[in-house]
Amino acid sequence: MTPLERTLHEENRNDTMTEVREVLHSAMGPKAAQRVEALTGRTVLATLADHHADPDAAACVFILEPKAE
């Protein structure tokens, strides 16, 4: 967690923490997908992200177009 997220979690404001993460994901998701596309040379078809507060864990998955044969 970021320091802000940890503070919200400690104050039992997990709903707010989730909202902050969702806003950041929607703002940064397209930029992250562009970077993945640049690195892989493949189109990102979908991005999936989720987190868990306790234990502190997060995942972001990029679904790529199939490789050309």
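The values are calculated or read from the model by the stated rules, or taken from the named source; none is laboratory data. Here the structure is a predicted model, which means the values were calculated and not measured. Heads up, the Cβs are rebuilt from the backbone with ideal geometry, glycines too, and the neighbour counts pull from every protein chain shown.
Brief remarks on what is shown
- Looking across the stretch 7-54, the residues that are without any contact (Cβ under 8 Å) to a residue 24 or more places away in the chain and of a type in the set (D, E, K, R) come down to E10, E11, R13, D15, E19, E22, K31, R35, E37, D50.
- Test for P30: is it surrounded by fewer than 10 Cβ atoms within 10 Å (Cβ to Cβ) and not small (G, A, S): no
- Test: residue in the stretch 8-27 that is at positive phi, surrounded by fewer than 12 Cβ atoms within 10 Å (Cβ to Cβ) and modelled with pLDDT under 95: yes
- Selection of the stretch 1-53 for residues being part of a helix (DSSP H, G or I) and among the basic types (K, R) yields R6, R21, K31, R35.
- Filtered residues of the stretch 35-51 (kept if at pLDDT 95 or above and surrounded by 14 or more Cβ atoms within 10 Å (Cβ to Cβ)): V36, E37, R42, V44
- Qualifying positions in the stretch 33-57 - within 30 Å of M17 (Cβ to Cβ) and touching an Asp or Glu at 6+ places or on another chain (Cβ under 7 Å): V44, L45
- Residue count for the stretch 54-68, restricted to those that are part of a loop (DSSP other than H, G, I, E, B) and surrounded by 10 or more Cβ atoms within 10 Å (Cβ to Cβ): 2.
- Against the list (1) at pLDDT 90 or above; (2) among the basic types (K, R); (3) more than 28 Å from L8 (Cβ to Cβ), the condition K67 fails is (1).
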